[in-house]
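Step one of this worksheet: look at the structure below.
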2 protein chains.
Amino acid sequence: MVRPEVSVLRLGHRVDRDERATMHVLLASRALSVSEVIYSGQRDANLEKRIQGVVDRWGGPFEVTYERNWRSIIQNWKESSVVCHLTMYGININECLHKVPKEKPVLVLVGSQKVHKDAFQLADYNIAVGNQPHSEIAALAIFLDRLFEGKGLKTEFEKGRMRVAPREKGKKVIFGVL
Amino acid sequence: MVRPEVSVLRLGHRVDRDERATMHVLLASRALSVSEVIYSGQRDANLEKRIQGVVDRWGGPFEVTYERNWRSIIQNWKESSVVCHLTMYGININECLHKVPKEKPVLVLVGSQKVHKDAFQLADYNIAVGNQPHSEIAALAIFLDRLFEGKGLKTEFEKGRMRVAPREKGKKVIFGVL
C-alpha cells in the first residue's frame with residue numbers, strides 16, 4: 001500500500017433521509033481500501049445491519065462505528081493524523097493533494113447536506129474535488145483513488161463468501177469461503 | 001481536453017426512490033466535464049427542475065434529457081462511439097481502460113438497482129471499477145477522472161451566476177454573471 005491507514009468520518013447522518021447516500025459512502029470506502037468508517041449524526045441500526053450483510057458476504061476487514069461527538073473524534077485524530085475535509089469551498093485538489101504528508105494516517109471528513117463551520121476550522125486541509133456543487137460520494141471516490149495513487153481499488157478481501165469472476169459479458173459470482 | 005465528448009446514460013431511474021442517487025450522478029457528471037446526461041426509466045420532472053436550478057446558478061453547458069427506449073439510444077450511439085458499461089461484474093478497470101479508443105466519443109452506461117442483461121450485451125466494454133459491491137456514483141466518478149487522465153475536473157462554466165472563491169478555511173461564494 002502506498003500510505004498508512006486511511007479512515008473516513010461521515011458527518012451529520014440522518015436516519016431515512018441519508019441512509020442510501022451513507023451506504024454509498026460506506027461501499028465506496030470499502031472498495032477503496034478504507035477499513036474503518038465512523039459516522040455521526042443519528043445512529044442508524046438499519047444502516048449498520050445492511051453494511052454488515054455486505055461484509056459477511058463479500059469480506060473485510062471493514063468496520064463501521066457510530067460516535068456522537070464528532071468534534072472530539074477529530075481532535076483525537078489530529079494528534080497523530082492528517083485531517084482532510086472534502087468541501088467544494090476548499091482548495092482545489094489539483095493544487096493541494098501533494099501537500100498531504102505521505103507518512104501519516106489520514107482521516108477524511110465527508111459531510112452531508114450542511115456542515116458545521118467547526119469542521120472547516122478543525123480540518124488540516126479543506127480540499128475541493130472541483131469547486132462546483134458535487135456529490136460527496138463522487139468526491140470521496142476521486143479523493144481516495146488519487147490519494148492511493150490509483151492503487152486503492154482493493155481486490156483481496158478476507159472471509160467473504162462470494163466473489164466476482166470478471167467477465168467481458170454477463171455476470172458470474174463464485175461462492176465459497178475464501 | 002484529452003478526448004472527444006463523453007456522455008452518460010443513466011438506466012432505470014425510479015421517481016422518489018432514485019431521485020437523490022440520480023442527482024448525484026448528474027452532479028458528478030457535470031463536475032467532470034460531461035455536458036450531456038440521458039436518463040431512462042421513469043420520467044422525473046422534479047429531478048429535471050432541480051438540476052436546471054444548479055445549471056442556472058453555477059453554469060453549463062449541461063443538458064439532461066429523458067429517453068424511454070434505452071436500447072435504441074445505445075444502438076444509435078454504437079455506430080460512432082464506444083459504449084462503456086460500468087458494472088462490478090465486468091473486467092477490472094485497471095486491466096481494460098487502456099483498450100477504450102481515445103479518438104472516439106464515449107457513452108457511459110450507469111445502472112441503478114437491477115440492470116437488464118441486454119445492457120451487458122450491447123456495451124462494447126463492461127468495466128468494473130473494482131469487482132466489489134460498489135456505489136455507481138463512486139464508480140462513475142473514478143471512471144471519468146481516469147478517462148480524462150486527471151484533467152476532467154472542470155473549473156470554467158458558462159453563464160453561471162455563482163462561483164466559489166477557494167479558501168483554506170470557511171466558505172466564500174462570488175455572485176455575478178460570468
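Read the figures in this text as sums done on the coordinates, not as results from a lab. Small disclaimer: the values here were computed from a predicted structure and weren't measured. Ideal geometry is used to build each Cβ from the backbone, glycine not excepted, and the neighbour counts take in all protein chains shown.
Ordering A:H116, A:I127, B:I127 by the projection of their Cα atoms onto the charge dipole of the protein assembly as shown, which places +1 on the Cβ of Lys and Arg and -1 on the Cβ of Asp and Glu, puts A:H116 at the extreme positive end.
To the nearest 20 debye, what is the magnitude of the charge dipole of the range B:83-178 about its Cα centre, counting +1 on the Cβ of each Lys and Arg and -1 on the Cβ of each Asp and Glu?
580
Applying 1/(1 + (r/R0)^6) with R0 = 25 Å to the Cβ-Cβ distance of B:I174 and B:K151 gives a FRET efficiency near 0.55.
Rg and Dmax of chain B, both derived from C-alpha coordinates alone, stand at 16.4, 49 Å. Remark: relative contact order (the range B:59-114) = 40 percent; criterion is Cα-Cα distance under 8 angstrom and separation of 6 or more residues. Computed from Cα atoms, the angle from the helix B:19-31 axis to the main principal axis of chain B rounds to 80 degrees.
Between the range B:2-64 and the range A:1-80, the alpha-carbon centres lie 27 Å apart.
This model, with +1 at the C-beta of Lys and Arg and -1 at the C-beta of Asp and Glu, gives the range B:6-175 a dipole about its Cα centre of some 560 debye. Peptide A:153-160 has a mean shielding of 3, counted as Cβ atoms of other protein chains within 10 Å of each residue's Cβ.
With a cut-off of 13 Å between beta carbons, the residues surrounding B:S40 carry a summed charge of +1, where Lys and Arg count +1 and Asp and Glu -1. Taken residue by residue and averaged, Cβ atoms of other chains lying within 10 Å of the Cβ of A:49-56 number 1.
Estimated from the Cβ-Cβ distance and a Förster radius of 51 angstrom, the FRET efficiency linking B:T65 and A:E79 is about 0.50. Peptide B:140-146 shows a mean partner chain C-beta count of 6 within 10 Å per residue C-beta.
Our helix-only sum for chain B, with -39,500 (n - 2.57) per DSSP H run of n ≥ 4 divided by its residues, gives a mean residue ellipticity at 222 nm of -9500 deg cm²/dmol. For chain B, the relative contact order comes to 29 percent (Cα pairs under 8 Å, sequence separation of at least 6).
Note on the protein assembly as shown: Rg/Rh from Cα positions, Kirkwood definition for Rh, rounded to two decimals, is 0.94. Is the shape of the range B:1-77 rounded, prolate or oblate, going by the alpha carbon gyration tensor and its root eigenvalues a ≥ b ≥ c, with a/c under 1.5 for rounded and a/b larger than b/c for prolate? Because a/c hits 1.5 or more and a/b fails to exceed b/c, the range B:1-77 counts as oblate.
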